[in-house]
Amino acid sequence: MADLQSKVTQLTSQIEGQLTTMVDEIEKQKLRPMGRNMHSCIVSCYDKIGKSGRKEQIEQCAQNCQMPYQQAGQVTQQEIGNFQNRLQNGMMQCQNDAQAMVTPDMQGDEKKMRQVENNLFKCIEGAVGKSKAELGPMRQRIESRMVVESHGGSNGGDAGEKKGWFGRG
């Protein structure tokens, strides 16, 4: 059983590493530029409304600037949470299936228990493999929702100034 646990730990470490890498890339390539644009937008609120406008105008403008970045962060966190839940549910189903295969007479039979463990590991390996395959589509969903939501919100500036939230259009 200890060998099974180390194999499962190795599998989950791999998928966690891949997830972390993907999230880091999204953060660097998408969220950081969005954060920079958010701050530039807020500065432009102060420049435009500045000394003559009301405090509420500046606050509303700043809120509009923050919305795309906040929404992008929420989308990312929601997708990560859903991904982790699916992976955990898949692994739990494997555990449940393995437990359902064990009968009282098997518990003393090392060969039969090893077979159950092997089946459990194959199932978990399949669940992790399925999750790995979901990383690409998940990234696409995150990035596509960032584009739609970032362009859909007001940046507090002139409508004609939109250059794209990612600096690339």
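We did not get these values from a lab; they are worked out from the coordinates using the rules stated. Just so it is clear, the model here is predicted, and its values are computed rather than measured. Note that we place each Cβ from the backbone using ideal geometry, even for glycine, and neighbour counts take in every protein chain shown.
If you go through segment 101-125 and keep only what is surrounded by fewer than 13 Cβ atoms within 10 Å (Cβ to Cβ) and among the polar types (S, T, N, Q), you end up with THR103, GLN107, ASN118. Taking the criterion of being of a type in the set (Gly, Ala, Ser) and exposed (fewer than 13 other Cβ atoms within 10 Å of the Cβ), the residues of segment 41-68 that qualify are GLY50, SER52. Mind checking which pairs have a first residue in segment 119-145 that is of a type outside the set (Lys, Arg) and a second that is not in a helix (DSSP H, G or I), Cβ under 6 Å, 6 or more apart or different chains? Short answer, once both residue conditions are applied: none.
Residues of segment 22-40 that are of a type in the set (S, T, N, Q) and touching a residue at least 24 places away in the same chain (Cβ under 8 Å): GLN29, ASN37.
Among residues of segment 41-62 that are among the aromatic types (Phe, Trp, Tyr), those with a beta-carbon under 9 Å from a residue that is surrounded by 10 or more Cβ atoms within 10 Å (Cβ to Cβ) at least six positions away or on a different chain give the pairs TYR46/ILE58; TYR46/CYS61; TYR46/ALA62. Inspect segment 92-100 for any residue being touching a residue at least 40 places away in the same chain (Cβ under 8 Å) and surrounded by fewer than 17 Cβ atoms within 10 Å (Cβ to Cβ) and give the result as yes or no. Within segment 92-100, none of the residues are touching a residue at least 40 places away in the same chain (Cβ under 8 Å) and surrounded by fewer than 17 Cβ atoms within 10 Å (Cβ to Cβ).
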